[in-house]
Amino acid sequence: MSTTPPFRARAEVDLAALRANVRALRARAPRAALMAVVKSDAYGHGMLPCARAALEAGATWLGTATPHEALALRAAGIRGRVMCWLWTPGDPWREGIEADLDMSVSGLWALREVTAAAREAGRTARIQLKADTGLGRNGCQPADWPELVAAALAAEAEGTVKVTGLWSHFACADEPGHPSIAAQLDVFREVVEYAEKAGIEPEVRHMANSPATLTLPEAHFDLVRTGIAMYGVSPSPELGTPADFGLRPVMTLAASVALVKQVPAGHGVSYGHHYVTGGETILGLIPLGYADGIPRHASGRGPVLVGGEWHRVAGRVAMDQFVVDLGPDGGAVAEGAEALLFGPGERGEPTAEDWAQAADTIAYEIVTRIGTRVPRVYLNEDSDE
């Protein structure tokens, strides 16, 4: 990064690392197809470049949360199978049908809306029925499953829908040995068996998210859905580091030091003076703040590599900036020096997991929340195969 033009801040996204991660995840589930989940702008990495790179590496499905994300993929010319699962009443069902999306249905209201849109469009909608096997979020409760299956079969007979998949989602796959894992698998097998005996003929049955892809081969079924792991972030420190799974973090977040100055002992730093210098020292100003996605909860704790050494955020993270105390010998750092907030860790820099621990959150949130004010710079855009 030191050879690139000056910058305020940037998030480098290494697409070669992403492609390698997809190949590593495919190897973990060799008998299943792989869905690359690119929701929320590919967890902050950039939806379109990451979607293309994942497909180049062998993903055969793309997954989004909202229909608007899925339709943006189609508008960019991305073909192939795209599934989206977070629908609300009045969402663009007809546009989804016309864009050949696979659309998740968790209840009768959604089935009613998608069948009405299919009649209007004069086309058959591709839908996937989601069962709530214990997560307690989206999905149809087992008690209501027979009614949903019967209604879906009736819609198939009418020609308005084709059920292409049966699926669910884990609550605790990132906690190895949690009793809910086996319980949910049992329920999923039961609802799949019921639907298939009733006459549903799904193309794919799927339940595995990133942690289940990495650690639960019995949950792979026909398709695995890899989100955070595809971006080289471990879904849980308890499961292992990215390197333990043959993964490499894809994003590196850096900024240029905006100001270096000497201050006396007893000098307050940032709002509220929660940090006061213990002696004469050098302060460095980093031009990133919570408007850019730097968590305010990491005030006083967030790690940064500056001048070859780790430093912690001194005082509060502000909207656009924060300060690090470079120490009395910090004069070797000058304006324009590189501050590495997180990356793969190969240069001694912190990782997204380090920031997650500093902010009492998860690494998913750290990478996803990096805002649009931080430009994404894509490395290795050409496929390495």
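The values are calculated or read from the model by the stated rules, or taken from the named source; none is laboratory data. Only a predicted model underlies this, so the values are computations on that prediction, with no experimental measurement involved. No Cβ is skipped: glycine too gets one built from the backbone with ideal geometry, and neighbour counts run over all protein chains shown. Surface accessibility is based on the protein's heavy atoms, side chains included, excluding ligands, DNA and RNA. Shrake-Rupley method; radii C 1.70, N 1.55, O 1.52, S 1.80 Å.
Per this entry, residue 33 is counted among residues that are hydrophobic (A, V, I, L, M, F, W, C), in contact with an Asp or Glu (Cβ under 7 Å, 6 or more places away or on another chain), open to solvent by 10 Å² or more (accessible area, probe 1.4 Å) and farther than 27 Å from residue 287 by Cβ. The sole residue among 139, 90, 122 that is within 25 Å of residue 47 (Cβ to Cβ), open to solvent by 10 Å² or more (accessible area, probe 1.4 Å), without any contact (Cβ under 8 Å) to a residue 24 or more places away in the chain and of a type outside the set (Lys, Arg) is 90.
Among the residues of this structure, residue 181 does not count as one that is modelled with pLDDT of 95 or more, aliphatic (A, V, I, L, M) and touching a strand residue (DSSP E or B) at 6+ places or on another chain (Cβ under 9 Å).
Within segment 365-381, residues that are of a type in the set (Asp, Glu) sit with their Cβ atoms under 8 Å from residues that are not in a helix (DSSP H, G or I), at 6+ positions apart or across chains, in these pairs: 365/295; 365/359.
Checking residue 16 against (1) assigned to a helix (DSSP H, G or I); (2) within 21 Å of residue 135 (Cβ to Cβ), which single condition isn't satisfied? Checking residue 16 against (1) assigned to a helix (DSSP H, G or I); (2) within 21 Å of residue 135 (Cβ to Cβ), the one that fails is (2).
Per-residue answers, yes or no, for (1) touching a Pro at 6+ places or on another chain (Cβ under 7 Å); (2) not in a strand (DSSP E or B):
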residue	(1), (2)
42	no, yes
48	no, yes
55	no, yes
58	no, yes
62	no, no
70	no, yes
73	no, yes
87	yes, yes
91	yes, yes
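Against the definition (crowded, with 24+ Cβ neighbours inside 10 Å and touching a Cys at 6+ places or on another chain (Cβ under 7 Å)), how does residue 105 come out, yes or no? Reasoning before the result, please.
On the way: crowded, with 24+ Cβ neighbours inside 10 Å: yes; touching a Cys at 6+ places or on another chain (Cβ under 7 Å): no.
Here the answer is no, as residue 105 does not meet what is asked.
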